[in-house]
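Please treat every number below as a calculation from the coordinates, not as lab data. From a predicted model like this one, the values you see are computed outputs, not experimental measurements. Here the Cβ is made from the backbone with ideal geometry for all residues, glycine too, and neighbour counts use every protein chain on show.
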Amino acid sequence: MSRPGYIDTSRLSINLAIYRSGSNKFEVVVDPDLAMEFREGKAVEIRDVLKSEYIFSDAQKGNLASEHLLKQVFGTDDVLLVAEKIVKEGEVQLSAEFRRKLREQKRRRILDIIHRNSINPQTNTPHTIERLEAALEEAKVRVDEFKKPEDQVQTVLKAIQSIIPIRYEVRVIEVIVEPKYAPQSYSILKSYGNLEETQWLNDGSLRARLRLPAGMQNELFDRLNSLTHGSVDIKVIKKE
């Protein structure tokens, strides 16, 4: 089934962007990764998106679009300007190979999000990526390559809850770090969650309160203990 802005092209080995105007069709051959980034507004040059700087009426047959039609439809025969409009406003046609690659990328991202934000309530520790992956396969959940990973997390989570004990949880922790490790610890804490409170004590020590996903707690503790050689004081003060 095709989606808005995309065409199912499982039989093709090239990736195209197609723009239609009446009975006319205009095609460019694209790098699929860069084409997707270009459509999302990322800093990608159209010249880099194109596999060749030609506008086709039928790329499979190698038929070029006429300059007359380009001017009539796009107001210019400048290949790069026309290609920009085709990629931005047309349909991106993805090969079966690229769709499989995209699906795998989305699957990995979904698993990472669940791993970081959830725990096994029986052990109060996060599930491993491998265990989550096995549950995903057992639940026979199909990841949609056209949807954002973030929009699919709840569907996947609901599906695997019948296979493994799992829940989303947030932890609030309090940390006290002695002066010589305080600056580095502050940077680490900021990268793991939301710093709700920081206080620099009279002796130069740092006291901080941090809200973070439960699945990231052990990783954070390991980093702080490694940095401070075990001298850090850490307490979990709330579970939500």
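Which pairs, out of K42/K239; K61/K140; K85/K190; K106/K180; K25/K101; K158/K238, put more than 31 Å between their alpha-carbon atoms? Listed pairs above 31 Å: K42/K239; K61/K140; K85/K190; K106/K180. Normalising the average separation of contacting C-alpha pairs (under 8 angstrom, six or more residues apart) by the number of residues puts the relative contact order of region 6-89 at 28 percent.
Counting pairs of alpha carbon atoms under 8 Å apart in space and at least six apart in sequence, what relative contact order in percent does the chain give? Over the chain, the number comes to 17 percent. Normalised by residue count, region 6-89 yields a Cα convex hull volume of 96 Å³ per residue. Decide, for the chain, between rounded, prolate and oblate: order the square roots of the alpha carbon gyration tensor eigenvalues as a ≥ b ≥ c, take rounded if a/c falls under 1.5, and otherwise choose prolate if a/b is larger than b/c, else oblate. Taking the square roots of the gyration eigenvalues as a ≥ b ≥ c, the chain is prolate.
Stokes-Einstein diffusion of region 97-167 at 20 °C, 1.002 mPa s viscosity, Kirkwood radius from Cα pairs, rounded to a whole number: 176 µm²/s.
Considering all different alpha carbon pairs of region 101-240, the Kirkwood hydrodynamic radius works out to 16.4 Å. For region 205-214, putting each phi into the Karplus relation 6.51 cos²θ - 1.76 cosθ + 1.60 with θ = phi - 60° gives couplings of 6, 10, 10, 9, 10, 10, 9, 8, x, 4 Hz, in residue order, rounded to whole numbers and with x for Gly and Pro. Considering only F98, N120, A135, and ranking their Cα positions along the charge dipole of region 97-167 that arises from unit charges at the beta-carbon of Lys, Arg, Asp and Glu, the one farthest toward the positive end is F98. In whole angstrom, region 170-239 maps to an equivalent ellipsoid with semi-axes of 18, 13, 10, each derived as √(5λ) from the alpha carbon gyration tensor and ordered largest first.
Is there a quick way to get the dipole size of region 6-89? I mean about its Cα centre, with the Cβ of Lys and Arg at +1 and of Asp and Glu at -1; what is the value in debye to the nearest 20?
280 debye
Measuring nothing but how far apart in sequence close Cα pairs (under 8 Å, 6+ apart) lie, relative to its length, region 187-228 scores a relative contact order of 37 percent.
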